[in-house]
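Read the figures in this text as sums done on the coordinates, not as results from a lab. Bear in mind that the values here come from a model prediction, so they are computed numbers and not experimental data. Every residue, glycine among them, receives a Cβ derived from its backbone with ideal geometry; neighbour counts consider all protein chains shown.
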Amino acid sequence: MEHLTLILEAAVVLGAIIIGVRVGGVGIGLWGGIGTAVLVFVFREQIGTPPIDALLIIVAVILATSTVQAAGGIDWMVLISARAIVRWPRSITVVAPLVSLLFAMGAGTSNVLFSLLPVIQEVSERAGVRPSKPISMSVVATSVALGCSPVSAAMAAMIAIMDTLDSPWTVWQILAVTVPSAVVGITISALVVSRFGGSDDIVQASSEKVSVDSLATVTTKVSARARASALIYFAGVLLVVVFGIFPGIRPVSGEGEPISTATTIQLIMLVTAGAVALVGKCDLRTVPSMTIFQGGMVAALAFFGLAWMIDTFLQANTSTVEEGLVSWVATWAPAMAVGVFIIAVLTTSQSTATRMIVPIGLAAGLPVGLAVGLWVGALGGIYLLPTNGLQIAAANLDPTGSTKLGKRLYDHSFFIPSLLVTVLTTLTGGIIGAFIL
């Protein structure tokens, strides 16, 4: 009877995930909530713990980033990134993904790549490079970039997990593994795609054929206030890292212990948003209409519902599911990466995959460094299937038709780059985490 209940509950969880992904948007979180309700009211399971700390970090970061966008700071970030891409047009397949990596790391979200995609497309076409090469690699690069950002939702979930350990890693220690791993994985993958990613004959390098409308952002000037708002935001990100490295400088709670990393990030991001609003003199009434705010809140709601459902399921079936996964990970360490990758594919949520699988890897006895290294590479799974809005936008922005969504689940332009970045970043991360740190 116990095994039958487990199978039925697993079917509920999987069904909620599949329906939610098909509906998309807030529907992912909605169906996660419905799945939670079924587990509690129908199967009478003890309700799990909603991911409050991670969710509050996400909300605070969304507010700060959206305020920067309202102040024009994101335009300045795009300007700087676009100039770097335009400077080396023939090497765009390598340069664009690395710029996208930095761009997503700083902003804490992959959605900011929407602003760079037109620049990447037109520069590659002008240079006679097949647009699908730099476009697909740039999109995939943002997947592992969020494991390198102190203010991403995935990092928020990881920090919440670290706070539960006896000897938690600081944000700086995590970044010391994830950043070099991502750079190596993306660079090698980009070189492979550049060489074997299809013929460049689809593009004729003729400047007369290419409009320069979206390249105007490269020369467009932004105000001093917009630039200052972006710099304030980056200062806030730096403070997050500093307080993570030196817990002794954090305020002390009533129990005499430094306040948690999660709480520190929430406070710093709220103060950062306030400072940006004052210096940038943006209209705060426009913040909810910003694209980053809208996309970020959708992601937060999706994370909330899914994470709550999964926590309820795992808590109810710890003796069978978690113990089985723990023994598998203990026997074969890369199983943790496989687990994160599969959940990322199914949910397109790196934070959900983090919250569900990483604690199991740590419970299996994996060293923290190895777990972090395996984790960052496995985040590449969100682009294995052509279901993400960023992938759809990228394909629609390529007039040459080289960037495809395909008719099957494996014949799209992002499939091979996603596998390459995942494998190479995971391998590099595992080596750095296990042997160097």
For a footprinting-style exposure proxy, rank Met309, Met105 by other Cβ within 10 Å, fewest first. Met105, Met309
Helix 368-378 sits at what angle to the longest principal axis of the chain, using alpha carbons and giving 0 to 90 degrees rounded to 10? 50 degrees
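Return Lys407, Lys281 ranked ascending by Cβ neighbour count within 10 Å, so the fewest neighbours appear first. List each step's numbers first, then the result.
On the way: Lys407 8, Lys281 11.
Lowest to highest Cβ neighbour count: Lys407, Lys281.
How would you rank Glu45, Glu257, Glu125, going from fewest to most other Cβ atoms within 10 Å of each one's own Cβ?
Working: Glu45 18, Glu257 10, Glu125 25.
Arranged by neighbour count, lowest to highest, Glu45, Glu257, Glu125 become Glu257, Glu45, Glu125.
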Cα-only radius of gyration and Dmax that characterise segment 311-437, units Å: 16.3, 53
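Among the lysines in segment 2-436, how many pairs, 8 or more places apart or on different chains, have alpha carbons under 27 Å apart?
Details: Lys133/Lys209; Lys133/Lys404; Lys133/Lys407; Lys209/Lys221; Lys209/Lys404; Lys221/Lys281.
So the count works out to 6.
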Relative contact order, percent, of segment 285-387 when contacts are C-alpha pairs under 8 Å separated by at least 6 residues? 28 percent
Folded to 0 to 90 degrees: helix 52-71 orientation relative to the chain principal axis, Cα: 20 degrees
